[in-house]
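As structure tokens, the structure follows; a few thoughts come after it.
Computed from the coordinates by the stated procedures, all read-outs in this text should not be read as laboratory data. Computed from a predicted model, the values in this text were never measured in an experiment. All Cβ positions, glycine included, derive from the backbone under ideal geometry; neighbour counts span all protein chains shown.
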Amino acid sequence: MAKCVVCGKPGVYTDRLTGRVLCKKHFLEHFDRKVRRTIRRYEMLGRREHIVVATSGGKDSLSLLHYLYGLSKNVPGWRISALLIDEGIKGYREYTVKDMLRVVEDLGIPYRIVSFKEYFGLTLDEIVETGKKRGLPYLPCSYCGVFRRYLLNRIAREMGATVLATAHNLDDTIQTFLLNVLRNSWERVVRQGPVTGIIDHPKFVRRIKPFVEVTEKETATYALLQGLVMPEFYECPYVHYNVRVSIRRFINELEERHPGIKYSMLRSMLTVIDLLTKNHSLKGEISECRICGEPSSHEICRACFYRYKLGIMESREMVVAEEVFKHKKP
Ligand code: SF4
């Protein structure tokens with residue numbers, strides 16, 4: 001590796017866009033400057049916050065937890081906690097839970113781990129099997145994403161969070177943007193900004209993405225330099241069902257040929273969100289799910305819809321769902 005452009009020490013990171021090589025010290029300073037600028041630019045955090053960090057045990061979320069914990073030492077009004085949702089994916093999640101426990105225990109960060117099994121009665125593996133037996137057309141990632149987001153909001157609120165921080169980096173964010181555009185899902189685009197877009201409901205915890213302007217490569221380098229991840233690499237067994245894999249490959253190829261396109265896509269996304277937010281027809285009404293009482297843009301939220309389709313509802317809940325879906329084809 002070439003020498004650091006600032007001090008001449010051995011480099012650990014090369015910025016493909018500018019060609020700048022940085023050593024450990026100057027990479028960490030660069031990373032810190034970038035994330036602080038994002039937090040300021042989007043007014044993500046105030047003086048008094050209980051920040052609950054959504055943590056999966058992967059490199060991005062452990063980097064975010066570690067970074068915000070470090071930052072909080074200089075802000076007396078900030079409190080940091082971690083929240084991990086254990087979906088119940090055999091051969092995968094148990095290992096990342098261990099990585100998360102190592103970091104929170106090392107730093108002394110309070111945390112909570114809740115599982116799909118505890119709240120929905122089934123692990124994700126069991127949900128996928130049940131869905132197959134019932135002939136449901138939904139992919140594992142669809143159940144996973146809906147139930148995870150549902151629990152993140154509900155449990156963060158129970159933990160007294162003023163804000164929920166997620167580790168979506170630049171790559172994740174533009175992949176989701178493109179995915180939603182391809183699906184003609186503009187309501188979702190509106191809600192994927194650096195700070196929770198238009199969701200305004202007392203039961204909804206404000207969400208922030210402090211890593212939205214840092215690349216996957218930068219968070220991976222941060223995690224590595226801070227000793228946050230083990231050399232073993234674990235991959236979710238359902239990842240191949242996820243269309244995001246193809247989108248990721250496509251965007252990476254574009255970036256390879258046209259450096260800077262990722263940032264350009266982020267700017268496009270922000271412009272689109274700005275334009276769409278002014279379109280009140282997309283704003284929609286957020287009320288509460290008739291079954292679970294959680295915030296929802298429909299009479300019944302997506303998590304309860306899936307519970308209904310999977311047959312994992314209590315009979316009194318089933319009565320309400322039947323009544324709502326009697327005249328609708330969900
Ligand atoms: Fe969940 Fe899909 Fe991600 Fe696996 S790949 S953790 S199933 S969203």
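Summary table below
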| read-out | value |
| --- | --- |
| Segment E288-N74, extension gain: residue separation times 0.36 nm, minus the distance between their alpha carbons | 73.2 nm |
| Stokes-Einstein D (µm²/s) once Rh is taken as the Kirkwood radius of the chain over alpha-carbon pairs, at 37 °C in 0.692 mPa s | 155 |
| Simple Cβ-charge dipole of the chain, Lys/Arg +1 and Asp/Glu -1, about Cα centre, in debye nearest 20 | 720 |
| On Cα atoms only, tilt of 315-325 relative to the major axis of the chain in degrees | 90 |
| Antiparallel DSSP beta bridges within the chain, as percent of all bridges there, nearest 5 | 25 |
| Gain upon complete extension [S315, L139; 0.36 nm per residue less C-alpha separation] | 60.8 nm |
| Mean Cβ neighbour count within 10 Å, used as a protection proxy, ranking 77-84, 319-326, 25-32 highest first | 77-84, 25-32, 319-326 |
| Segments 144-157, 165-178, 236-249 sorted - mean Cβ within 10 Å per residue, highest first | 165-178, 144-157, 236-249 |
| Rounded tilt (10° steps) of 124-133 against the dominant C-alpha axis of the chain | 40 |
| Gained length - S297 relative to L17, 0.36 nm times residue gap less alpha-carbon distance | 96.8 nm |
| Options L136, Y111, Y234, ranked by Cα towards positive dipole end of region 24-255, top entry (Cβ charges) | Y111 |
| Rel. contact order, % - alpha carbon contacts under 8 angstrom, at least six apart, the chain | 18 |
| For M230, M100, M269, order by how many other beta-carbon atoms lie within 10 Å, fewest first | M230, M269, M100 |
| Sorted by Cβ neighbour density within 10 Å, fewest at the top, the residues D200, D125 | D200, D125 |
| Mean Cβ neighbour count within 10 Å, used as a protection proxy, ranking 13-22, 254-263, 297-306 highest first | 297-306, 13-22, 254-263 |
| Computed label-point distance, nm, for sites F204 and R41 using a 7 Å Cα→Cβ extension | 2.4 |
| Expected 222 nm ellipticity per residue - DSSP helices of 4 or more, -39500 (n - 2.57), all of the chain, to 500 | -15500 deg cm²/dmol |
